[in-house]
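Below: the structure, in structure tokens.
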Amino acid sequence: MNLELFVIIVSVLLFIYLVFMEKQKIKSYIIVLLSVFVFEVCTGGLWINKNMSNWAFLYGDISWILTLGWTAIIMISTLIIEKVIKKSEKLRFFLILFLSSLSGIIGESYVLGVKIREYSPDVTSRLSGINIPFVNVPVEALYYIPVFMILIICTARYWNRMELKI
Amino acid sequence: MNTKIEVLVIIATLTLLGLFVINRNKRAIVTFFLSILGVLLFEFLFDPLVMNNKFHSWTYIFHDVCFILTLGWVCIITASSVIVNFTFKRSGELKKFLLTLCMIDVMALPAEVFLVYYGFRTYSPGLLKAMGIYQSFLEHDNGLIPVKWLIVPPEFIVSIPLLFGLILSFVKYWEYVIYEKK
């Protein structure tokens, strides 16, 4: 329940900030949210989400709380980097990727630690058994999390630029 | 059959690349290599859920990630992108994206069904268990829709276009970054 409340509060505050301070980023927020949701639906077999309130689950074990959480991580990273780096799109991309991946690894460590998430047997059979020091996350997350972030960030930044006219 | 698929994909890839080189279509070559990157990122991610079988051992690059299948998907993505960009030059970006995605899905969905039907691809129990609609068909098999017709889970009709949408967005984003006017 603590995680659910925390994520909802952060998401509401983030959305309020976007509405009052960065209206043009609301489209980006929605795109990231939808992209994360699509990704979670398509990769549902990789992990098992559990130990959250019943209302936190949307379809199967896909939790909209975790969807909001990942979205918040990516959006906050994007907002920070875009404030600091004004010009180079490539540099912005890689810094957003770095910051969101780092936050993602910390977030993953938390959800694994409180047993909200565990990896499916298909995944655990492929893991090396080596963990990243201090965060207790499999070393393979150094690949999985950045790849997840790359695909979401690219999708969001592409669709954000696209004019939605046919 | 596996040799035929391997030869066909390699010939298709070389033909496609050859056409791009002859026409000096640098953008298409860039799309090709970006597609390889996008598809490989996905293939490594989905490696625990999907097993690629029956290909020759030299085609496997990591666990059971088969570069023949990678090239197959890349050819589908690149050919669709180039054809749509050429045919609908003056259309808006959204229209071109949706048309490219439709063209990809028209080829990719039957290709996936083919691969599963002939045993070149199988899905992990974990992935099948996550497919709620597929599971309900299995549990409530009353003969109305023969379950044996379900070569791939019905969810794939939606998830395959969505996944290719993510890969295509990755490719299009990096095309924009590479060709961004300075």
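The values are calculated or read from the model by the stated rules, or taken from the named source; none is laboratory data. These numbers were taken from a predicted model, which means no experiment stands behind them. Methodologically, a virtual Cβ is constructed for each residue, glycine included, from the backbone with ideal geometry; neighbour enumeration extends over all protein chains shown.
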(request) Please name all residue pairs, on different chains or six or more residues apart, with Cβ atoms under 6 Å, provided the first residue is in region B:160-182 and is at the interface with chain A (Cβ under 7 Å from one of its Cβ atoms) and free of Cβ contacts under 8 Å to residues at least 40 places away in the same chain and the second residue is surrounded by fewer than 23 Cβ atoms within 10 Å (Cβ to Cβ) and β-branched (Val, Ile, Thr). (result) B:Leu162/A:Val38
(message) Anything in region B:117-151 that is at pLDDT 70 or above and outside any helix (DSSP H, G or I)? List them, or say none.
(response) B:Tyr118, B:Gly119, B:Phe120, B:Arg121, B:Thr122, B:Tyr123, B:Ser124
(request) Give region A:103-134 a look and list any residue that's loosely packed, with under 15 Cβ neighbours inside 10 Å and either under 12 Å from the mean Cα position of the chain (by Cα) or outside any helix (DSSP H, G or I) (or both), or say none. (result) A:Ile106, A:Val114, A:Lys115, A:Ser125, A:Arg126, A:Leu127, A:Ser128, A:Gly129, A:Ile130, A:Pro133, A:Phe134
(message) Condition check: away from chain B (no Cβ under 14 Å), farther than 30 Å from B:Glu93 by Cα and not β-branched (Val, Ile, Thr). Does A:Tyr110 satisfy that?
(response) yes
(message) Looking at A:Ile80 and the list (1) crowded, with 20+ Cβ neighbours inside 10 Å; (2) touching a Leu at 6+ places or on another chain (Cβ under 7 Å), which single condition is not satisfied?
(response) (1)
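Only residues that are assigned to a helix (DSSP H, G or I) and either of a type in the set (Val, Ile, Thr) or under 20 Å from B:Pro161 (Cβ atoms) (or both): list them for region B:76-93, please.
B:Ile76, B:Ile77, B:Thr78, B:Ala79, B:Ser80, B:Ser81, B:Val82, B:Ile83, B:Val84, B:Asn85, B:Thr87, B:Glu93
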(request) Could you tell me which of the residues B:Phe42, B:Phe88, B:Phe20 is among the hydrophobic types (A, V, I, L, M, F, W, C), more than 25 Å from A:Gly44 (Cα to Cα) and crowded, with 18+ Cβ neighbours inside 10 Å? (result) B:Phe20
(request) Give region B:74-85 a look and list any residue that's crowded, with 16+ Cβ neighbours inside 10 Å and under 16 Å from B:Lys172 (Cβ atoms), or say none. (result) B:Val74, B:Ile76, B:Ile77, B:Thr78, B:Ala79, B:Ser80, B:Ser81, B:Val82, B:Val84, B:Asn85
(request) Return the total of residues in region A:19-42 being touching a residue at least 24 places away in the same chain (Cβ under 8 Å) and more than 15 Å from A:Ile65 (Cβ to Cβ). (result) 9
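Yes or no, residue by residue, for (1) of a type outside the set (A, V, I, L, M); (2) touching a residue at least 60 places away in the same chain (Cβ under 8 Å); (3) within 14 Å of chain A (Cβ to nearest Cβ):
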| position | (1), (2), (3) |
| --- | --- |
| B:Thr3 | yes, no, no |
| B:Thr13 | yes, yes, no |
| B:Ala28 | no, no, no |
| B:Ile36 | no, no, no |
| B:Leu40 | no, no, yes |
| B:Phe55 | yes, yes, no |
